[in-house]
Amino acid sequence: MGIDLGLKNFAIVSDGEEIENPCYLRKAERKLKWMQRHLSRKKQGSNNWHKYRIKVARQHEKVANQRKDFLHKASRKLIEGNKNIFMDLNVKGMVKNEKLSKSIADVGWSEFKRQLEYKGKWYGCQVMHIDRFFPSSKTCNHCGHVNQDLTLSDREWQCPKCQEMLDRDLNAAINIKKRGQEMLDENTVGAAGMNACGDDKVVPFGQWSSMKQEAQHL
């Protein structure tokens, strides 16, 4: 299974399933702003100030609990019944975008990845991260053509080579799955090659890739 995480939809799976983004913080913002405004009008340290301070804290806790509950349910649903899950996302890099930082913090991608990884160990599912700079959205999953002109606003695009109409997010999820399968195959071949030489130690994928590149240069 390949997973492409997004903001419009929380996650798009390579089999076509879409998991809606609940946007808990966005939905609670109006109430939080009202409560914060009333809190700011109270004398700091007074009984009323403490009452509203606790109300604001409880509202933030409610949002956090809603998000955590959603992430637990979504991660378990994806993990169960799958042998391998492939995904990629540079969360730290994307949070630096001022226009998207609040939405990215609200959606909880980092926590979702953490939950997938430890639940994968429970259920015997391997969670792998593909190359960060792999152009999953720009690559046509039918012919492999890379569309360098694709922008973030292009939700659908037609491949100029094979003329196939592609949904940006679903196309990315399918490409992530394909790339993950390639990584697994390369890792398996690498492990088999090392064992054939009499070494039972399995070489990690990243190390094996660098070894192959060095061998090619030689």
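The values are calculated or read from the model by the stated rules, or taken from the named source; none is laboratory data. All of these numbers come straight from a predicted model, not from anything done at the bench. In this analysis, Cβ positions are derived from the backbone assuming ideal geometry, glycine residues included, and neighbour counts consider all displayed protein chains. Note: areas computed on protein heavy atoms with side chains; ligands, DNA, RNA excluded. Shrake-Rupley method; radii C 1.70, N 1.55, O 1.52, S 1.80 Å.
Got at least one residue in region 19-31 being in contact (Cβ under 8 Å) with a residue 40 or more places away in the chain and of a type in the set (A, V, I, L, M)?
Looking through region 19-31, at least one residue is in contact (Cβ under 8 Å) with a residue 40 or more places away in the chain and of a type in the set (A, V, I, L, M).
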message: Looking at region 35-46, I want the residues that are open to solvent by 60 Å² or more (accessible area, probe 1.4 Å) and have a partner that is of a type in the set (Lys, Arg) with Cβ atoms under 9 Å, at least 6 apart or on another chain. Which pairs are those?
response: LYS42/LYS51; LYS42/ARG53
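Any chance region 84-99 includes a residue that's open to solvent by 40 Å² or more (accessible area, probe 1.4 Å) and either modelled with pLDDT of 85 or more or in contact with a strand residue (DSSP E or B) (Cβ under 7 Å, 6 or more places away or on another chain) (or both)? Working first, answer last.
Step one: list which residues in region 84-99 are open to solvent by 40 Å² or more (accessible area, probe 1.4 Å), which gives 90, 92, 94-99.
Right, trim to either modelled with pLDDT of 85 or more or in contact with a strand residue (DSSP E or B) (Cβ under 7 Å, 6 or more places away or on another chain) (or both) and you get none.
No, region 84-99 contains no residue that is open to solvent by 40 Å² or more (accessible area, probe 1.4 Å) and either modelled with pLDDT of 85 or more or in contact with a strand residue (DSSP E or B) (Cβ under 7 Å, 6 or more places away or on another chain) (or both).
Filter region 1-34 down to residues that are in a loop (DSSP other than H, G, I, E, B) and within 16 Å of ASP69 (Cα to Cα), then give me how many there are. Steps first, answer last, please.
From region 1-34, those in a loop (DSSP other than H, G, I, E, B) are 1, 6-8, 14-17, 21-23; that's our starting set.
Next, only the ones that are within 16 Å of ASP69 (Cα to Cα) stay: 21-23.
Residues in region 1-34 being in a loop (DSSP other than H, G, I, E, B) and within 16 Å of ASP69 (Cα to Cα): 3 in total.
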